[in-house]
Amino acid sequence: MKDFIYSYLTKVYFGEKAAKKALPTELAKVGKTVMLAYGGGSVKRSGVYDEICGYLRDTGKEIVDFSGIMPNPTYKKVQEGAALAREKEVSFILAVGDGSVIDCCKIIAAQAVTDKDIWEMEFKEHVYPTEFLPMGAVVTASGTGAEMNNGAVITNEDTKEKAGVLGAYANFAVLDPDYTMSLPAKQVISGAFDTLSHSMETYLGSPRDVNLSDEIGEAVMCNVIRNIRILLQDMYNKEARTELMWASAMAENGILKIGKVTDFQAHQIEHQLGAYTDCNHGQGLAVIHPVLYRHIYKDGVKQFARMAEKVWEIPAEGKTQEELAEAGIGALAEFVKEIGMPSTFTEMGITDKSVLKKVADTCNLTAGCCKKLSREEILQILEECW
Ligand code: NZQ
Ligand code: ZN
């Protein structure tokens with residue numbers, strides 16, 4: 001295990017009526033003008049918007065409405081939010097929605113308090129913001145775990161990059177599984193697969209000797225697989241949605257990453273695919289993972305074999321490490337089919353094959369879980385995903 005420093009900045013209110021428990025107390029601590037940020041309207045249809053507005057009014061806040069944050073939020077939307085926050089002298093941002101809404105607000109929180117361009121600052125000068133408007137997050141769709149970290153994935157349409165930008169941590173996060181009950185089945189499964197992906201990408205990072213972080217990671221992966229299967233039988237099973245909501249936060253709140261250098265090559269490829277096609281994040285990952293893993297498992301055969309045994313429950317007896325690792329990847333590919341996720345880019349509805357080379361040429365190359373890939377290998381992987 002590598003040395004680490006661990007502290008946590010986000011206070012989590014989890015469970016039934018979490019907003020009622022959290023918001024009167026938390027809002028009492030913040031300034032008068034609150035930006036209420038959300039997506040394309042699901043919060044209005046579900047009634048969450050009206051409920052949250054009630055808490056804001058009860059605590060005497062002036063509401064600055066900021067709507068229309070899209071899946072795969074753009075840097076333009078960040079700028080629009082930051083300009084509004086400045087114009088209305090917003091003192092607090094309340095993000096109500098999915099990973100995209102929370103991510104967009106993390107960067108609005110940074111951009112609103114500086115004249116410097118955050119993108120230029122982070123990617124050209126490698127300087128990271130230290131001052132933010134304070135913010136809170138109310139989660140309506142789980143999977144990304146965005147509520148418990150300060151990384152935001154933002155699409156810069158001008159440069160054709162979808163990249164991780166560092167922004168604000170939410171002071172508090174409200175996770176009420178009831179708020180996710182209106183989420184369509186397809187997005188529930190896609191989000192849950194995203195959580196599985198985060199856990200796998202962390203597990204396959206280094207070091208790969210048996211350690212507590214990975215053992216907790218195995219538990220998170222098993223939990224996600226089991227609860228997706230429960231939801232496939234009963235999509236409104238509250239206990240399963242509750243478990244998945246916490247698994248989502250657990251996979252991205254840093255605990256699985258303690259003492260590890262993570263990989264996230266599948267995410268890096270998917271993000272650039274998103275930059276060129278605006279595809280659904282979880283779906284892109286479902287296609288990429290098995291193909292990517294078939295390319296690299298021989299360089300990390302022990303950890304892949306361990307994952308096969310511990311997570312996919314494949315008996316080790318009578319198999320070489322390589323056979324066990326291959327069987328695990330086979331089980332992952334079968335699982336993708338079982339849960340109705342796409343196995344190819346064509347099934348996702350991507351039609352322009354020329355994007356593959358652009359993705360291969362522009363995605364970040366991580367140090368690699370087991371093997372650092374070349375751009376040619378990434379192109380080959382992408383072509384196999386077609
Ligand atoms: O916009 P509205 O109308 O609200 O609809 C949303 C959206 O269409 C809808 N929705 C959300 N809550 C709902 C609901 N519909 C009905 N009932 C509810 N309760 O669901 C859709 C969600 O889409 P999307 O934004 O794609 O969801 P997700 O939460 O998966 O976020 C994906 C984004 O997060 C980034 C991804 O790259 C992508 O941009 N990620 C952020 C991470 C982080 N910050 O830690 C980590 C992840 O790896 C990921 O990269
Ligand atoms: Zn993800």
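The values are calculated or read from the model by the stated rules, or taken from the named source; none is laboratory data. Because the structure is a prediction, the values reported are computed rather than measured. Note that we place each Cβ from the backbone using ideal geometry, even for glycine, and neighbour counts take in every protein chain shown. Side chains included, ligands, DNA and RNA excluded: accessible areas come from the protein's heavy atoms. Shrake-Rupley method; radii C 1.70, N 1.55, O 1.52, S 1.80 Å.
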Quick test for you: out of Asp194, Asp158, pick the one residue that is among the charged types (D, E, K, R) and buried (at least 24 other Cβ atoms within 10 Å of the Cβ).
Asp194
The one condition in (1) within 16 Å of ligand 2 (Cβ to nearest atom); (2) in contact with an Asp or Glu (Cβ under 6 Å, 6 or more places away or on another chain); (3) open to solvent by 10 Å² or more (accessible area, probe 1.4 Å); (4) among the aliphatic types (A, V, I, L, M) that Ala146 fails to fulfil:
(3)
Among the residues of the range 266-281, write down those that are touching a Lys or Arg at 6+ places or on another chain (Cβ under 9 Å) and assigned to a helix (DSSP H, G or I).
Glu270, His271, Gln272, Leu273, Gly274, Ala275, Tyr276
Can you pull out every residue in the range 354-365 that is part of a loop (DSSP other than H, G, I, E, B) and open to solvent by 20 Å² or more (accessible area, probe 1.4 Å)?
Ser354, Asn364, Leu365
Among the residues in the range 111-118, are any away from ligand 1 (no atom under 14 Å from the Cβ), polar (S, T, N, Q), within 24 Å of Lys88 (Cβ to Cβ) and modelled with pLDDT of 95 or more?
yes
Please go through the range 41-62 and give me each residue that is open to solvent by 60 Å² or more (accessible area, probe 1.4 Å) and either in contact (Cβ under 8 Å) with a residue 24 or more places away in the chain or within 17 Å of Ala137 (Cα to Cα) (or both), ordered by number.
Ser42, Lys44, Arg45, Asp50, Glu51, Asp58, Glu62
Does Ile189 satisfy being away from ligand 1 (no atom under 16 Å from the Cβ) and either surrounded by fewer than 24 Cβ atoms within 10 Å (Cβ to Cβ) or within 27 Å of Ile381 (Cβ to Cβ) (or both)?
no
Odd one out for Pro184 among (1) within 28 Å of Leu273 (Cα to Cα); (2) more than 16 Å from ligand 2 (Cβ to nearest atom); (3) touching a residue at least 24 places away in the same chain (Cβ under 8 Å):
(3)
Every residue from the range 86-128 that is of a type outside the set (A, V, I, L, M, F, W, C) and closer than 19 Å to Pro73 by Cα
Gly97, Asp98, Gly99, Ser100, Asp103, Lys106, Gln111, Asp117, Glu120, Glu122
Among the residues of the range 215-238, which ones are charged (D, E, K, R), over 23 Å from Lys337 (Cβ atoms) and without any contact (Cβ under 8 Å) to a residue 40 or more places away in the chain?
Glu215
Tally time: how many residues in the range 312-338 are of a type in the set (A, V, I, L, M, F, W, C) and open to solvent by 10 Å² or more (accessible area, probe 1.4 Å)?
6
